[in-house]
Every structure is written in C-alpha cells, then in structure tokens.
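Structure, as structure tokens:
Readers should treat all values here as calculations from the given coordinates under stated rules, not as data from a laboratory. Bear in mind that the values here come from a model prediction, so they are computed numbers and not experimental data.
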Amino acid sequence: MSEDTKKEETKVEAAASETAEGKAVEAAGASEDKPQKRAPRKKAAPRKKAPSNVNPDIEERVVAVNRVAKVVKGGRRFSFSALMIVGDKKGKVGFGLGKAKEVPEAIRKATQAAQKNMINVALDDGTIPHHTVGRFCSAKIAFKPASEGTGVKAAGACRSILELAGIRNVLTKSVQSTNPHNVVKATFKALASLRSESDVAKARGREVKGTRIK
C-alpha cells in the first residue's frame, strides 16, 4: 500500500470521528434543553378531624385553662391544659383533661376524654336522693337534697357539674381545697356514690315501696 493511500484513509477516519463527536454533543445539548418530566406526586389524603361533640344533646363547659412553660436550652416552650365538663342534663355527666400547644386543640381533646368517661347520676325529682360527701386529696364537699325552688347552691366547677347533670335543687358545702381539679374529682366521687330507691331495694331484695334511704 502506498503512503498516499494511508494518508487518505487516516483523513477519512479523523473526519468520521469528528462527525460522531459532533452528533454526540448535539444530542447532549438537546437533552439539556428539554425539561425533564417528573413523576406526578401522590396527593395525601386529607386528615379527618374527630368532631368535638358527637352527640348534639351534650353540652360543654370549660372549667379551667392553664398555661404551662417548659424551660429548654433555646428558651421556653408553652403548652396549654384544659379541664372540661360535659353533660346532657338528664343524669349523665363527665369530665376530661386535655393538653396541647394550642387552646382549641386542648379543649377538643378534653371534650373527647370527657365524653368517654361519662357516669350516670341517680336523680330524684331534680335533686339528689340522699346526703353524701365527696373526698379527693384535700378537697371535701358535702351534698344535701333540697326542696323545689331552692336552686343549685354551689359555686365554681361544682356548680357546672351539677347543672349539666340535671340537678336543679341541691345544697353544697366545699371545705379545704379550692383546686378545680380536686373539686371536680371530689364532686364526681360524691355523685358516683348516689343510689336511687330502686337500686337500694334491689340490693336488699325488697320492693321499692316502703324502702327508705338514709
């Protein structure tokens, strides 16, 4: 093979390699110019918030809202606690405590807890059937039945509980503690200890007529 033929072949190979490199550069530039399609994001399902009041007949009352400060390295972190009372004014009442970083959320949690922990209260024509005393820690509250027209002689958290329970006439006397948490728990202990005439007659194995509760 002559030297001229070798030179021509070398020139052809060089031209072919340059053409291939140019096409590769053009393809890369075109791919950069075109925006890359991203995969569509899946939309998260909306969170369903539980209703604060499931039963429309149940009423709610706020007893106390406290702000708590936790001291950390970066400063203070504030949170809130709420004490709620719920009742249907027909002999069912409950209380609950909720904690959160916002007041509405704390009230919602407390309301849900109160609805789960409702108790039945024995009533006798709008008053309580007999005398009782509720104690919790340093709180002590005495309850006494009253005649029609007396009204609810109570104050603070105790009054809210009695009204939502459906008691219209009652006499109360609270001594020692004024802490709303202790007062609420003492009141619920007293209401839970109430027994109607039918309950006493059933326990004694007698008829309701002639049964007397002391």
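Going by the alpha-carbon gyration tensor, a ≥ b ≥ c the square roots of its eigenvalues, is the stretch 121-204 rounded (a/c under 1.5) or, if a/c is not under 1.5, prolate (a/b greater than b/c) versus oblate?
Because a/c hits 1.5 or more and a/b fails to exceed b/c, the stretch 121-204 counts as oblate.
Take the Cα radius of gyration of the stretch 54-194 and divide it by 2.2 N^0.38 Å, with N its residue count; two decimals is plenty.
The stretch 54-194 yields a ratio of 1.12.
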